[in-house]
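One structure is given here, and the rest of the page talks about it.
Values in this text are rule-based calculations from the coordinates and carry no lab data. Note that this is a predicted model, so its numbers are computed, not measured. No Cβ is skipped: glycine too gets one built from the backbone with ideal geometry, and neighbour counts run over all protein chains shown.
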Amino acid sequence: METAAGPQTDERHHHRKVKVCREVECDEKYNQLSEEARTAFLEFSYCPFCSNELVIQCSACRESLADKGYNYCPWCGCQYD
Ligand SMILES: [Zn+2]
Ligand SMILES: [Zn+2]
């Protein structure tokens, strides 16, 4: 019996760039936000919770990205949507 490829298989190949605050407390608040609110963070420069400068990260490897225009992660090679 073989398990059909679920959505998880797809997620392995499609990651996204996320813009986050390095503060752990802010990260917890961020994770409770809606998908829409998280996407809005990509346009922000500063954290709305603590005013620190936000950093762009790869959702797959969590490494910082220098540019939000990247199509691929320079660290782990995953493709962004
Ligand atoms: Zn913050
Ligand atoms: Zn990566």
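Please work out how much length the chain gains when fully extended from Cys50 to Cys76, using 0.36 nm per residue of separation minus the C-alpha to C-alpha distance, in nm with one decimal.
Additional length available on full extension: 6.4 nm.
How high is the relative contact order of region 14-80, given as a whole-number percent (alpha carbon pairs under 8 Å, six or more residues apart)? Could the numbers behind the result be given before it?
Numbers: 91 pairs, mean separation 25.8, N = 67.
Once normalised by length, the contact order is 38 percent.
Suppose every K and R has +1 on its Cβ and every D and E has -1 on its Cβ; what is the size of the dipole of region 14-80 about the Cα centre, in Debye to the nearest 20?
Charge dipole, region 14-80, about its Cα centre: 200 debye, nearest 20.
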